[in-house]
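First the structure, in the form of structure tokens, and then the observations on it.
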Amino acid sequence: MSDYIGPEAILEKKKKYIMPCLGHFYREPRQMVRGSMQYLFDSEGRKYLDCFAGVSVVNCGHCNPEITREVCKQVETLQHVCNIYLTENFVNLAEKLAEVTPGKLQKSFFCSTGTEANEGSLLLASIYTKSSEFIALQNGLHGRTKLTMSLTGIGMWRTDPNPVGGIHFAPNPYCYRCPMNKKYPECDLACANAIETLIQTATSGRIAALIAEPIQGNAGIVVPPKGYFKRVKEILAKYGGLLIADEVQTGFARTGKMFAIENFDVVPDIMSVAKALGNGAPISAFISTAEIADTYTRPGASTLGGNPVSSTAGLAVLNYIEHHNLMENARARGEQLRAGLAELQKKHPIIGDIRGIGLMTGAEFVHGDKSPAFEELDQVLEEMKNRGFIIGKNGVSRNVMAFQPPLVITEDDINDVLNALDLVL
Ligand SMILES: Cc1ncc(COP(=O)(O)O)c(C=O)c1O
């Protein structure tokens, strides 16, 4: 007799008690009951290599013992007092974030989710610029609240029938399927240049900010070409608009740098962080320069934002990333993975494109005519799961295999997943 209710009972209760907007992966999903670094275990004792990390959350590995020890100590000492009272790790974490973020990003506001961090970033940009016009990128995803959903450029995530106005979408830098039908570098970054036309023609001429993921996650691991963000920043500077980097999915060593925007040699004005900051503990933040942050003076507080337990988790995460050189492992294992996928691509033409930086890597599945092979991808992911490999899926057409594993993954693990994928394909 198993100690667990099992996937079928969970599905039954889910249908009855959970709102139907929340789907689940797999035709035959499993009940996950335990995690240990890069591995997951289900209710029947089967072991999986986790190549998705709960969507870029457990960068330091499941139940990482060093982080868990710190969190447990804090849970047993002081769990919550709300951040209008003084606690130590709240400010220590803000200090550490100022140290690891690029440029002069310095002052933080802590909250709990990525959506909330983006809401805060957008609010701060509005306060600083006194404008509430925003630009976002097509195929970007920024959250579930009214404003962040309105800024999300993927139809399937835009449920709100009455989105916020004053929002404009620029073409995304998706070279494999260029929305402008051009080729890099002859295009001269036409997608970035389109932002200037957008500002001149569709806005009052003064926008609050452009919000973008440095690498678009949900869009299917869309990596902008070199020079893209530099051009974007120049255009924004000309019109007094800020650059908000949504690092919710890309942050904390995933791309071989602490933040993905650093791969483009650009410093954003405001940055939203979440997911991997807590390695599973709910914590997020938006961080900005003192000049911008100091305009946010009217009262603002988040009940659970940066509470003692979450702040302790965040500090332990940042220390772990540094002490265990996760940036270097993300870089090396990412290169190994993409090289292996490129070998598989020679044999299996269903892999149309391989892209990514570090351990944020995608493989786009296509048919011979480049149409999205989403049904085939679903079959492959199901079979990979049956063989003990959990791999993610994203892309506007749901045809991109997403590798975003815990950054503690080893060379042998990567070889294992590549070998299994070869067999399944
Ligand atoms: C880039 C990006 N921004 C924001 C969010 C929203 O974060 P949360 O689900 O924590 O509210 C997500 C969630 O996947 C995301 O990928």
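The values are calculated or read from the model by the stated rules, or taken from the named source; none is laboratory data. Here the structure is a predicted model, which is why all the values come from computation and not from measurement. Here the Cβ is made from the backbone with ideal geometry for all residues, glycine too, and neighbour counts use every protein chain on show.
So here's what we get for this one:
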quantity: Residue in the range 183-197 that is within 29 Å of residue 120 (Cβ to Cβ) and aromatic (Phe, Trp, Tyr) present; calculated: no
quantity: Enumeration of residues in the range 77-96 that are part of a loop (DSSP other than H, G, I, E, B) and either without any contact (Cβ under 8 Å) to a residue 24 or more places away in the chain or within 16 Å of the ligand (Cβ to nearest atom) (or both); calculated: 85, 86
quantity: Positions within the range 256-279 being within 12 Å of the chain's Cα centre (by Cα) and more than 13 Å from the ligand (Cβ to nearest atom), in sequence order; calculated: none
quantity: Neighbours by Cβ (under 6 Å, 6+ apart or cross-chain): first from the range 5-27, at positive phi; second surrounded by 12 or more Cβ atoms within 10 Å (Cβ to Cβ) and not in a helix (DSSP H, G or I); calculated: 6/31; 6/43
quantity: Residue list for the range 343-383, filter: outside any strand (DSSP E or B) and among the β-branched types (Val, Ile, Thr); calculated: 350, 380
quantity: Residues of the range 118-148 satisfying the condition of being near the ligand (Cβ under 10 Å from one of its atoms) and either within 16 Å of the chain's Cα centre (by Cα) or more than 23 Å from residue 108 (Cβ to Cβ) (or both); calculated: 118, 119, 140, 141, 142, 143, 144, 148
quantity: Residue identified as within 20 Å of the chain's Cα centre (by Cα), within 16 Å of the ligand (Cβ to nearest atom) and in a helix (DSSP H, G or I) among 251, 314, 334; calculated: 314
quantity: Of all residues making up the range 12-51, the number that are of a type in the set (A, V, I, L, M), over 20 Å from residue 379 (Cα atoms) and surrounded by 14 or more Cβ atoms within 10 Å (Cβ to Cβ); calculated: 4
quantity: Residues of the range 231-263 classified as surrounded by 24 or more Cβ atoms within 10 Å (Cβ to Cβ) and more than 20 Å from residue 57 (Cα to Cα), total; calculated: 4
quantity: Residues that are under 18 Å from residue 282 (Cβ atoms) and either in a helix (DSSP H, G or I) or of a type outside the set (Ser, Thr, Tyr) (or both), drawn from the range 97-118; calculated: 97, 109, 110, 111, 114, 115, 116, 117, 118
quantity: Residue check, residue 256 at positive phi and at pLDDT 95 or above; calculated: yes
quantity: Among (1) touching a residue at least 40 places away in the same chain (Cβ under 8 Å); (2) more than 19 Å from residue 141 (Cβ to Cβ); (3) away from the ligand (no atom under 16 Å from the Cβ); (4) surrounded by fewer than 24 Cβ atoms within 10 Å (Cβ to Cβ) - the single one residue 187 does not satisfy; calculated: (1)
quantity: First in the range 313-335 and within 23 Å of residue 93 (Cα to Cα), second anywhere and among the basic types (Lys, Arg) and surrounded by fewer than 24 Cβ atoms within 10 Å (Cβ to Cβ), Cβ under 8 Å, 6 or more apart; calculated: 314/96; 315/96; 318/96; 327/257
quantity: The lone exception for residue 21 - which of (1) in contact with a strand residue (DSSP E or B) (Cβ under 9 Å, 6 or more places away or on another chain); (2) modelled with pLDDT of 95 or more it fails; calculated: (1)
quantity: Flag for residue 5 being part of a helix (DSSP H, G or I), of a type in the set (A, V, I, L, M) and modelled with pLDDT of 95 or more; calculated: no
quantity: Lone qualifier among 61, 103 - being touching a Gly at 6+ places or on another chain (Cβ under 9 Å) and on the phi > 0 side of the Ramachandran plot; calculated: 61
quantity: Residue match in the range 220-238 (condition: more than 23 Å from residue 354 (Cβ to Cβ), away from the ligand (no atom under 16 Å from the Cβ) and in a loop (DSSP other than H, G, I, E, B)); calculated: no
quantity: Residue in the range 161-170 that is within 15 Å of the ligand (Cβ to nearest atom) and either without any contact (Cβ under 8 Å) to a residue 24 or more places away in the chain or not hydrophobic (A, V, I, L, M, F, W, C) (or both) present; calculated: no
quantity: Selected residue [in contact (Cβ under 8 Å) with a residue 40 or more places away in the chain and under 16 Å from the mean Cα position of the chain (by Cα)] from 388, 395; calculated: 395
quantity: Residue 383 being surrounded by fewer than 17 Cβ atoms within 10 Å (Cβ to Cβ) and at pLDDT 95 or above; calculated: yes
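Okay, residues lined up against (1) part of a strand (DSSP E or B); (2) closer than 17 Å to residue 281 by Cβ; (3) within 16 Å of the ligand (Cβ to nearest atom):
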{"position": "11", "(1), (2), (3)": "no, no, no"}
{"position": "19", "(1), (2), (3)": "no, no, yes"}
{"position": "22", "(1), (2), (3)": "no, no, yes"}
{"position": "30", "(1), (2), (3)": "no, no, no"}
{"position": "33", "(1), (2), (3)": "yes, no, no"}
{"position": "54", "(1), (2), (3)": "no, yes, yes"}
{"position": "69", "(1), (2), (3)": "no, yes, no"}
{"position": "73", "(1), (2), (3)": "no, yes, no"}
